[in-house]
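Participant: Quick one: this structure, given as structure tokens, is what I'll be asking you about.
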Amino acid sequence: MKRLNEDTLEMLIAAHAIREFLIVRGDGGYVIQAKMGTETFQLRSRREAVRRFRKLDTAAAYLRTRGALQVTLDLA
């Protein structure tokens, strides 16, 4: 799966280029995924390959403060 850094994600949100956001529960926390066209991208951090959030509320707040208004939650 391809990765997006935080700066690129913010630019894509501002341009309304992302079709769907997902918050996916995984090992060690929650991961944000963004769907653009037929591709799915994971949010990466500056130090790690994947940005993980310990709490669901934190992941949702991260997206909300950047302009995402609708998010799908995957708890599987």
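Participant: Go through (1) of a type outside the set (Ser, Thr, Tyr); (2) touching a Phe, Trp or Tyr at 6+ places or on another chain (Cβ under 6 Å); (3) at positive phi; (4) surrounded by fewer than 12 Cβ atoms within 10 Å (Cβ to Cβ) one by one and return the number of the condition Gly29 breaks.
Facilitator: With (1) of a type outside the set (Ser, Thr, Tyr); (2) touching a Phe, Trp or Tyr at 6+ places or on another chain (Cβ under 6 Å); (3) at positive phi; (4) surrounded by fewer than 12 Cβ atoms within 10 Å (Cβ to Cβ) applied to Gly29, the lone miss is (4).
Participant: Can you tell me which condition Met11 does not meet? The list is (1) surrounded by 14 or more Cβ atoms within 10 Å (Cβ to Cβ); (2) out of contact with any Gly (no Cβ under 8 Å at 6 or more places or on another chain), and all the others hold.
Facilitator: Unmet condition: (1).
Participant: Suppose we keep only residues that are outside any loop (DSSP other than H, G, I, E, B) and among the charged types (D, E, K, R) within segment 34-53. Which one would you say is surrounded by the fewest Cβ atoms within 10 Å (Cβ to Cβ)? Steps first, please.
Facilitator: Of the residues in segment 34-53, the ones outside any loop (DSSP other than H, G, I, E, B) are 34-36, 39-43, 52-53.
Filter once more, keeping what is among the charged types (D, E, K, R): 35, 39, 52.
Working: Lys35: 14, Glu39: 10, Arg52: 15.
It comes out as Glu39.
Participant: Checking Leu22 against (1) assigned to a strand (DSSP E or B); (2) hydrophobic (A, V, I, L, M, F, W, C); (3) modelled with pLDDT under 90, only one condition comes out false. Which one?
Facilitator: (3)
Participant: Just to verify a result, which residue in segment 54-76, among those that are touching a residue at least 24 places away in the same chain (Cβ under 8 Å) and small (Gly, Ala, Ser), is surrounded by the most Cβ atoms within 10 Å (Cβ to Cβ)?
Facilitator: Residue satisfying both the conditions and the ranking: Ala59.
Participant: Still on this model: Considering segment 17-50 alone, what residues qualify as being touching a Gly at 6+ places or on another chain (Cβ under 9 Å) and under 15 Å from Val71 (Cβ atoms)?
Facilitator: Arg19
The values are calculated or read from the model by the stated rules, or taken from the named source; none is laboratory data. Small disclaimer: the values here were computed from a predicted structure and weren't measured. Here Cβ is always computed from backbone atoms with ideal geometry, including for glycine, and neighbour counts include all displayed protein chains.
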